[in-house]
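Colleague: Before we start, here is the structure in question, set down as structure tokens.
The values are calculated or read from the model by the stated rules, or taken from the named source; none is laboratory data. Remember, it's a predicted structure, so these values are computed and weren't measured experimentally. Using ideal geometry, Cβ is built from the backbone for each residue, glycine included, and neighbour counts are taken over all protein chains shown.
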Amino acid sequence: MKKIVILFISLLILITALSFYIQPALEETAKKEINHFMQLVINHVSFIHKIDDQQLLKIQYNNDKITSFGFNMIYLNRETSEYVNQLEETLSDIEEGQYHNDSHSVYNKRLKKVSDNQGVIASLPLGSLTNNVFLQHIGPHIHIKYKTLSIISSQIHKSVKKYGINHILVTIDLTVLVQLQIIVPLNREDYKKEFQIPLVFEIIEGEVPSWYQGLS
């Protein structure tokens, strides 16, 4: 009985020491994996969600000269809201193992695999966290999962400026603040990061007019 107690205590000390040793490396790796995963999701949603420039941009000409320029803000706000909803739904569906999409996005296969594993974005051998080349593929696998919390906020950034000799460069970016929870053995950590998503990059022939406005 005494030997069993000593063995148990020794094993507990070993596990605690190992956890303390690998935890920083595990947290750093988990953040890298979640960043990569989030970029996959954003790229996929951007691929399937297109903005119609014809509906968005309101341009008036006079003898081929741009006299006024504006945005259809009702359309833009609706589309960006749908984009954010699509982003949240995709994250939630993948986490719950219910993600289904038949798009031809090159990111789709990867997202379906994560969905099949119900939110496990990476599975790493324990030895890969020790910085020892001889232990890279040794040990049980540690799963890195995520839990969807929310997209806290989103903000639209519009830019219209002169481009080259006689062109206008129109760009619209959407900044979203994403909040997830990273789940690894013996630890849960909140993850919060801003992502800037390019929605429109359009070059238009003509000079920037003296004014432009958002139009409804």
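Colleague: Conditions first: (1) touching a Phe, Trp or Tyr at 6+ places or on another chain (Cβ under 7 Å); (2) farther than 28 Å from Phe37 by Cβ. Ser103 passes all but one, so which condition is the exception?
Modeller: (2)
Colleague: Just to be sure I understand, how many residues within the range 192-216 are in contact with a Ser or Thr (Cβ under 6 Å, 6 or more places away or on another chain), assigned to a strand (DSSP E or B) and at pLDDT below 75?
Modeller: Here the count works out to 0.
Colleague: Turning to a different aspect of this structure: Can you pull out the residues in the range 143-175 that are surrounded by 14 or more Cβ atoms within 10 Å (Cβ to Cβ), of a type in the set (D, E, K, R) and either over 30 Å from Ser123 (Cα atoms) or free of Cβ contacts under 8 Å to residues at least 24 places away in the same chain (or both)?
Modeller: Passing the criteria: Lys158, Asp173.
Colleague: Could you go through the range 99-106 and let me know if any residue there is surrounded by 11 or more Cβ atoms within 10 Å (Cβ to Cβ) and in contact with a His (Cβ under 6 Å, 6 or more places away or on another chain).
Modeller: Yes: the range 99-106 contains one or more residues that are surrounded by 11 or more Cβ atoms within 10 Å (Cβ to Cβ) and in contact with a His (Cβ under 6 Å, 6 or more places away or on another chain).
Colleague: Please indicate, with yes or no, whether at least one residue in the range 180-191 is at pLDDT 90 or above, polar (S, T, N, Q) and farther than 19 Å from Ser46 by Cα.
Modeller: Yes, some residue in the range 180-191 is at pLDDT 90 or above, polar (S, T, N, Q) and farther than 19 Å from Ser46 by Cα.
Colleague: Got a sec? Which helices (runs of 4 or more DSSP H) wholly within the range 1-96 have at least 2 residues that are surrounded by 14 or more Cβ atoms within 10 Å (Cβ to Cβ) and at pLDDT 85 or above?
Modeller: Those helices (runs of 4 or more DSSP H) span 2-48, 73-95.
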